[in-house]
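The next block holds one structure in the form of C-alpha cells; read it before the comments.
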C-alpha cells in the first residue's frame, strides 16, 4: 500500500536525534508510542517494504498510522523515561498492556493525621499517606496477617476517631488487651506514637534488620533509664517479630540483599508477570500481572516494558533484580533504576545456582497464572460464540459485535418513551444505554415513535462522527422494521443492517425478505437476540414507570397557576404535606412565600373550597 502524502512528509522531517515518537490513526488517537536513539532511522524502518513484510509490528503500524509526532530529548535515558510516562498516560492500543492492580486493596498508614491509623483502601491518592500492597487475589490471608501484626506488635490504633479530640475519653477494649496505647485518653504522647508508626513502616517495607536493631537500641535505652515496663514491652515486640520471621524465612543461602525476582511467561499475545519481593532473606510480597502483547512482542520486550512501568512511580527499587529473561536496553534500564534508587542497582539473568532456583520458582508461579488467564479468555470466547451464531443463522456479511436495540413504551397513549440498549460481544454495556422521551408523536403510534428514535440515534452518531453498530435490532415485526428502514434510507444510511424481532412466534424479520426467519429455539443466536430484546423492553418499562411515578405523585399544588416546583418544595418543607398547606391561613402562607405568592395560593384554595360547596 503506497504511503500517504502526510506520512511521507513526516518521514522526511524526522530528526536524527534521540526521542519518543507517537503514531496516530485517522481520528488523531495515539495507537503506538516508542523511543529511539535516532528518530529518523527507527521510525522510517516501520515503513520500509522489506521490514513490513517480515515484521508484524511494522506491517500493522504501516497500515494503521495516519500521522506521526515526536518529542526530541538530549539522551536515550530521557527517552526511556518519557516513553514509559506517555504509555502509562495514553495507553495506546498496540503497546504492551500491563493490567494494573488498582482494584486490589492496599494497606494505608494515614501519616496526614496526628495519630496515624492503618486503613484498607483501593485508591492510591494522597501524597501525604504511605501505601503498602497491593494485596492481590488469594492474598487476603497476608493482608489480615499484616494488619494483625501491626495492631499486636506496634499498637497502632484501629478506631476512626478524628484527632485532636475536644476532650479525652476513656480507653476502649484495644487498650485493655494491649493492642493500643490509647492516645485518645492521653496515655500516649504524639512523639512516642509516631515512633511506633515508623517501626510499623519498617516492618511493612520488609526492613526487618533495621527494625530489630531499632528495637534492641530502644530496649537497652529504656532498661538503662530504669523504665522496666517500657523495656518489657519492647522485649515482647522482639520476641513476636523473631517468631514471625522464623515462620517466613526462606532458604536463600547468603543471598540476603534486597532483591526482586521477576519472571515473565508468554503464550501468543497473552503473558503473565510475577514479582517475588525478598527483603532480609524473607519473601514479603508476591505480585502478579496480566499483560497483552498485541504485536506479538517476545519475553525480552515484555519484561523490558514491565520494568519500566513497575518501578516508575511508588514502587521501591531493590539492590538486585533477578530476571527470567534479559531485558532490552539493559544499560539504560540500570541507569534509570539507579536514579530512582539513588544508589547502585544490578540486573541479572542467572543460568545456574541459587538465584536460578529462585527464578524457576517465580516462573512456576507465572505459568500457573498464565493458565488461569488463558482459561478466562476462552470462557469469554465461548460467550462470543452466540454472536458468531447470529451471523451464520441470519446470513449476515459481517459479525454483529456491537448491537443496539430499540423498544417503545407508553401508558394508555401518553408519556411515550423509548429505550436503546447496547450489547458488545454478546454482553450488555450499560454505561451506553440511552432513554428517549418521544417528542413529535401524539397518541399511540409505535411506527412513528420508532422513526423518531432511530432518526435521533442516527443524527447523534453522525454529529459525533462515531462508528455505526454492526446491527440495529428493533422490537416488533414488519411495521417497526419498515419504519426503521425508511428512517435509515432518509438519513443516507441504507447500508446499515437492521432486523426486527416479533414476540408472538419469535420471528426474525430482515429488510427485503418476503418471509420471516424462524431460528431454531435451541440456537445460541435466538437466545442472544431474545436476551437483548428483553433487556431493551425492561429498560423502557423501567423508564416508563419512573415517569408514571412522577405523574402519580402530582398534587393539587401542581394545578395552581404560576406556581413552580421550587415554590411547591418550599411549601412542603414548611407545612410537611399538601393537606397542611390547604389548612394554612393567609398570614402563614404570606410568611412562607411573601404576600404575592401567598395571596395567590390562598385565593386558589378559597376558590376550590367554594366550588366544592
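The values are calculated or read from the model by the stated rules, or taken from the named source; none is laboratory data. Everything quoted here is computed from the prediction, not taken from an experiment. With ideal geometry, Cβ positions are generated from the backbone for all residues, glycine too; neighbour counts draw on all protein chains shown.
The residues of the range 1-27 that are within 22 Å of residue 79 (Cα to Cα), touching a strand residue (DSSP E or B) at 6+ places or on another chain (Cβ under 9 Å) and in a loop (DSSP other than H, G, I, E, B), listed by number, are 14, 15, 17, 18. Looking across the range 166-208, just one residue is at negative phi and touching a strand residue (DSSP E or B) at 6+ places or on another chain (Cβ under 6 Å), and that is 204. Per the conditions (1) surrounded by fewer than 20 Cβ atoms within 10 Å (Cβ to Cβ); (2) part of a strand (DSSP E or B); (3) modelled with pLDDT under 75, the sole criterion not satisfied by residue 254 is (2).
Could you list all residues from the range 175-194 that are touching a helix residue (DSSP H, G or I) at 6+ places or on another chain (Cβ under 8 Å), in a helix (DSSP H, G or I) and surrounded by fewer than 18 Cβ atoms within 10 Å (Cβ to Cβ)? 185, 190, listed by residue number. Exactly one condition in (1) surrounded by 19 or more Cβ atoms within 10 Å (Cβ to Cβ); (2) in contact with a helix residue (DSSP H, G or I) (Cβ under 8 Å, 6 or more places away or on another chain); (3) in contact (Cβ under 8 Å) with a residue 60 or more places away in the chain; (4) farther than 29 Å from residue 525 by Cα is false for residue 366; which is it? For residue 366, the exception is condition (2).
Hey, can you tell me all the residues within the range 349-362 that are more than 34 Å from the chain's Cα centre (by Cα), in contact (Cβ under 8 Å) with a residue 12 or more places away in the chain and either under 16 Å from residue 299 (Cβ atoms) or part of a strand (DSSP E or B) (or both)? Explain how you work it out, then say what you get.
First, the residues of the range 349-362 that are more than 34 Å from the chain's Cα centre (by Cα): 350-357.
Those left that are additionally in contact (Cβ under 8 Å) with a residue 12 or more places away in the chain: 350, 354-355.
Result: 350, single match.
Tell me, please, whether a residue that is closer than 20 Å to residue 393 by Cα, at pLDDT 90 or above and not in a helix (DSSP H, G or I) can be found in the range 520-534. The answer is no; no qualifying residue exists.
Just name the residue that is farthest from the chain's Cα centre (by Cα) out of those in the range 45-61 that are surrounded by fewer than 20 Cβ atoms within 10 Å (Cβ to Cβ) and modelled with pLDDT of 75 or more.
Pass one, the range 45-61, residues surrounded by fewer than 20 Cβ atoms within 10 Å (Cβ to Cβ): 45, 47-60.
Narrowing the set further to residues that are modelled with pLDDT of 75 or more leaves 45, 47-48, 58-60.
Details: 45: 35, 47: 35, 48: 38, 58: 30, 59: 31, 60: 27 Å.
Applying the filter and picking the extreme gives 48.
Residue count for the range 332-347 satisfying the condition of being touching a helix residue (DSSP H, G or I) at 6+ places or on another chain (Cβ under 9 Å) and exposed (fewer than 14 other Cβ atoms within 10 Å of the Cβ): 2.
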